[in-house]
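Below is one structure, written out as structure tokens, with a few remarks after it.
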Amino acid sequence: MGDARCSFRVLRSRFALGLVVALGLLAGSAQALEVRFEPVAEGVYAYVGDMGPRTVANEGLNANIGLVVTPAGAVLIDSGATFESARKIHDAIRRVTAQPLRWVVNTGGQDHRWQGNSYFKTLGVDIIAHAQAEADMRSRGGEQLDGLRAALGSLAQGTVPTLPTRWLGKADERLELGGVVFEFKYRGGAHTPGDMLVWLPQRQVLFSGDVVYVDRLLGVLPFSQTKPWLATFAAIEQLAPARIVPGHGRVTDLKTAQAETRDYLLALRAHMKKAVEDGVEISAAIKSFDARPFMHLLNAAELMPGNASRTYLEVERE
Ligand SMILES: [Zn+2]
């Protein structure tokens, strides 16, 4: 009798556990990624992605993506991190417009800018990037995919590093679709060697890719170069955009971009330049950098030491 009651309790607790797991799965599927484009200007939209790391919940879309709708078709700015997330981006485009997708632009070589190409290639659209992104995509594509598989598991399935179909070679290029002018500006790379700006002069909107970060701290990674990054930023200042869709963070204006991207890069470079000139060791130079004006930005504590050391090494080589 005691035994029977005991096993009934076990059964009941197993049932309760099963219920909890089932509800958890339901909650999980309710939270599954849905890409939604928000309006920025006439025919111009942005998806503002998560600002933290790549997770199953964000499917590697921890970055912003743009959409421009013209009378002759739609243009996607950055293809997302995986085949599956690219499919969700395509679904989101179809909720905004009945126009077919004509072009996909990759603004740089970071995974969430181009690893969705394998999906969009199946649609037969033009995939456009700057020629200076090619070597970076070729050399890092495989390791990016390994990283995505580690972070996303089966959600990375079907993703194959797929190069663009059309390379832009000049510093300034101009294309037109359905009367909408797209200007592409390349000034030597920034966060990645192929980072390129997309400017819509008629709408006064700039898609900066990974040249502008707001709300969260930018990353100076082993393949980043702060000097051309600032030259690229100066090209943005010349354009004086009304609105900026940054690579990361909320849709913003020039003043905020200057405070949260340009001023940090300027301060970091000035500090490290002086340290190198004064013969200060790298560890002491990292420690003495006054990070306080930027510590309110997300991810600042994690990224600050690496950013500082890579900038020191870059300035030392100049
Ligand atoms: Zn990025």
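The values are calculated or read from the model by the stated rules, or taken from the named source; none is laboratory data. Just so we're clear, the structure is a prediction, and the values are computed from it rather than from any experiment. We place every Cβ from the backbone using ideal geometry, glycine too, and count neighbours over all the protein chains shown. Side chains included, ligands, DNA and RNA excluded: accessible areas come from the protein's heavy atoms. Shrake-Rupley method; radii C 1.70, N 1.55, O 1.52, S 1.80 Å.
Assuming R0 = 41 Å, can you tell me the calculated FRET efficiency for the pair Ala267 and Ala72, based on Cβ-Cβ distance, to the nearest 0.05? Using R0 = 41 Å, I get an efficiency of 0.40. Around the Cα centre of the chain, unit charges on the Cβ atoms of Lys, Arg, Asp and Glu (plus for the first two, minus for the last two) sum to a dipole of about 800 debye. Within region 49-136, DSSP assigns beta bridges of which about 40% are antiparallel (rounded to the nearest 5). In terms of packing, defined here as the mean over residues of other Cβ atoms within 10 angstrom, the peptides 183-191, 233-241 line up highest first as 183-191, 233-241. Full extension of the chain between Ala234 and Leu313 gives 26.2 nm of extra length, using 0.36 nm per residue less the Cα-Cα distance. Applying 1/(1 + (r/R0)^6) with R0 = 25 Å to the Cβ-Cβ distance of Glu173 and Glu38 gives a FRET efficiency near 0.35.
Overall, the accessible surface of the chain at a probe of 1.4 angstrom is composed of carbon and sulfur to the extent of 55 percent. Pairs of Lys residues in region 172-318, spaced 8 or more positions apart or belonging to different chains, with C-alpha separations under 17 angstrom: 5 in total. Here the convex hull built on the C-alpha positions of region 108-225 has a volume of 125 cubic angstrom per residue.
For region 35-150, taking Cα atoms only, Rg and Dmax work out to 13.5, 41 Å respectively. Restricting attention to the chain, close to 60% of DSSP beta bridges with both partner residues there are antiparallel. The largest-to-smallest principal axis extents of the Cα set in region 227-318 are 43, 26, 16 Å. Karplus-based coupling profile of region 230-240, in residue order and whole Hz: 5, 5, 5, 5, 4, 5, 5, 4, 5, 6, 6, with θ = phi - 60° in 6.51 cos²θ - 1.76 cosθ + 1.60 and x standing for Gly or Pro.
Dipole magnitude for region 78-213: computed about the Cα centre from +1 point charges on Lys and Arg Cβ and -1 point charges on Asp and Glu Cβ, it is near 320 debye. Residue by residue, region 302-314 carries 3J(HN,Hα) couplings of 6, 8, 4, x, x, 4, 5, 5, 5, 5, 4, 5, 5 Hz when phi is fed to the Karplus relation 6.51 cos²θ - 1.76 cosθ + 1.60 (θ = phi - 60°); x denotes Gly or Pro.
The alpha carbons of the chain give a radius of gyration and a Dmax of 22.4, 85 Å, in that order.
Which residue, Ala308, Thr226, Leu148, has the largest displacement toward the positive end of the dipole of the chain when charges sit on each Cβ (Lys, Arg +1; Asp, Glu -1)? Result: Leu148. Computed with a 1.4 Å probe over protein heavy atoms only, the accessible surface of region 157-253 comes to 34 Å² per residue. Placing unit charges on each Cβ (+1 for Lys and Arg, -1 for Asp and Glu) gives the chain a dipole about its Cα centre, and among Gln157, Ile282, Thr192 the Cα reaching farthest toward its positive end belongs to Gln157. When both region 134-172 and region 239-318 are represented by their alpha-carbon centers, they are found 26 Å apart. The C-alpha atoms of region 168-279 occupy a region whose extents along the principal axes are 56, 29, 21 Å, arranged from largest to smallest.
Each peptide in 281-288, 150-157 was scored by the mean count of other Cβ atoms within 10 Å over its residues; highest first, the order is 150-157, 281-288. Gaussian network model of the chain, Cα springs within a sub-10 Å range: biggest mean-square fluctuation belongs to which of Leu298, Leu76, Leu148? Of Leu298, Leu76, Leu148, the Gaussian network model singles out Leu298 as fluctuating most.
Cα convex hull, region 135-189: 134 Å³ per residue, rounded to a whole number.
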